[in-house]
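Inspection log for the structure reproduced underneath, given as structure tokens.
Rule-based calculations on the coordinates, nothing more; no lab input. Predicted model only: the values in this text are computed from it and were never measured. FYI the Cβ positions are ideal-geometry reconstructions off the backbone, even for glycines, and counts take in every protein chain you see.
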Amino acid sequence: MWKLIPLAGIRQLASQTIWFGLSSIAGRFINYLLNPILTLIYAAGPFGEISILFAGAAFLNIVFTFGMETAYFRFSRDHEVRQVFNNTFVILLATTALFTILLLLNKDTIAAFMGVGKHPEYVLYMVLIVALDSLAVIPFSKLRQEGRPKKFAVIKLLNILVNVGLVIFFLYYCKGAAERGEKSIIASLYKAELGIGYVFISQLVASGLTWMLLLKEWKSFRFEPDRQLITTIVRYSLPMIIVGFGGMVNETIDRFLLLKRFPDALHEMEAVGIYTANYKLAALIVIFIQAFRMGAEPFFFKNADKTNAKETYARIMNFFVIACCMCFLGVSLFPDIWKHFMGVSRHPEYLKGLFLVPILMLAKIFLGIYYNLSIWYKLTDKISTGAYITIGGALITVAVNYILIPHLGYLASALATVACYASMMLASYVLGQKHYPVPYDVRRCFGYIGLSLILFVIHHQLRNTYKDILLLHSAAMLLIVLFTFLVLKMEKSEFAKIPYLNSIYRFI
């Protein structure tokens, strides 16, 4: 066990995680409501088309943003912040303009590849969304670097609220009015031939609003390119594109491979929809992970020069794993509740993939640990090593999916996700201990993961034996209480410092 150190640094991270994470947690949860909304409206096939297009947008976002977010934080340590802001923004303006033009010139070909060849306008919407979101990256990074979480949170939340609100407006009110044959302005706004396009129009409007709300940050931009600094930033960021692109391969390539390799060629888009709906259910744990990252990345960079930095990182990892395990148990032990976040009442085919959720959540825990571990190559400027790790994970993802999908269907994609993130986690830990050793308590972290898996297996056996929902939910609550009790016992020296827990420890 590492020596105890002051909690000020961890409190600072917790504060930033709460504020910056507010928009991520609340926003992602609000955005998460799109899952039951869209799965209620659309069967698995059309939902699969939506999933494929957003997967494509995720890939494009990596190319468009060019690793500028991490570069902004990195070079703000050694250069004048205004200079870094201007030059990273110049790079993004150039890459966004170039890639937008190239993609729009080839939108018909791209639409055909993505299985939506009859609607090239979907690709148009997708590209414009990515372009607007990319241009907002540096202004948002500026807010994070300056420690202005309130504005950051408000803008992020407004983006999501407008997006969800417009989806509901178009696909419930306008669509309903049109189908009832009403002669009204609301009914005239819905055109059946546009189909799922309204999902992307809603996001496009929300992205445009975000661009406008960041106007004050935009106004601080001055076209003052520094060739030497731009060259340095680009050299640093190029491997980040590989890291990010590899990450998106790991996150989304399974949709494309299901589309091309699923054994039932007549239902491949339906398989994509079923897998994605359950993947989003498992992604509840990502809400916490993303909130943590928003506060952690600038915190790690700002505290890298402190003498107790490594010990702080190790303690943070411990708390992070505990929180992830609690998220895992909270979802995996209550599938009867969380399944309603898919439109199973109208489209029961989504239930076919419910067994994937615990597998995918375990994969996300490994991913979260990897995010924590990856700070070593960002602090030591060994980004290329991070790129190699990510490429290795991407190769595993592609290989497992390509080989096993014809035999196992979407189970292969879930197993590939676990294999990918587990390998990346292990590789980053081994290399990190060589170049930037941090005293992580590996035994304790994996002990918590193992304990949560044992509790899940116990509950799964109860579920196979008993069908009484009240009994199963009561057992699930008891298992979570047991996990909490054991954690409090193991972490007594840490949690006992919190005043509200003193009485609990006296009881224990």
Alpha carbon centroid spacing (whole Å) that separates the stretch 396-474 from the stretch 56-93: 33
Cross-link pairs beyond the 27 Å C-alpha cut-off, checked among K219/K378; K156/K364; K378/K492: K219/K378; K378/K492
State to the nearest 20 debye the size of the charge dipole of the stretch 8-507 about its Cα centre, where the only charges are +1 on K and R beta carbons and -1 on D and E beta carbons. 1180
Can you put F169, F140 in order, fewest other beta carbons within 10 Å first? F169, F140
Selected from M126, V234, G181, residue furthest toward positive end of dipole (the chain; charges at beta carbon): V234
Neighbouring Cβ atoms within 10 Å as the yardstick, rank T39, T307, T380, T252 fewest first. T307, T380, T252, T39
Over the stretch 8-507 - Rg/Rh using Cα atoms and the Kirkwood inverse-distance radius: 0.96
Using DSSP to call loops (not H, G, I, E or B), can you name the trypsin sites (Lys or Arg not before Pro) in the stretch 138-220 whose Cβ has at most 15 other Cβ atoms within 10 angstrom? R180, K183, K191
Tell me the relative contact order for the chain as a rounded percent, counting alpha carbon contacts under 8 Å between residues six or more apart. 22
Total charge of the residues flanking L215 in space, meaning their Cβ is under 14 Å from its Cβ, with Lys and Arg +1 and Asp and Glu -1, is +3
Among rounded, prolate and oblate, which fits the stretch 138-243 when a ≥ b ≥ c are the square roots of the eigenvalues of its C-alpha gyration tensor, a/c under 1.5 means rounded, and a/b larger than b/c means prolate? prolate
At what distance in angstrom do the alpha carbon centres of the stretch 335-369 and the stretch 198-261 lie from each other? 28
Taking the Cα centre of the stretch 32-138 as origin and charging only Cβ (+1 Lys, Arg; -1 Asp, Glu), how large is the dipole, in debye to the nearest 20? 80
If we count every other residue with Cβ under 10 angstrom of P120's Cβ, Lys/Arg +1 and Asp/Glu -1, where does the sum land? 0
Using only the Cα atoms of the stretch 370-452, build the gyration tensor, take square roots of its eigenvalues as a ≥ b ≥ c, and label the shape rounded, prolate or oblate: rounded if a/c is under 1.5, else prolate if a/b is larger than b/c, else oblate. oblate
Once both labels are modelled 7 Å past Cα along the beta-carbon direction, what's the R444-H340 spacing in nm? 3.9
Cβ-based exposure ranking for S384, S184, S134, in which fewest neighbours within 10 Å come first: S184, S384, S134
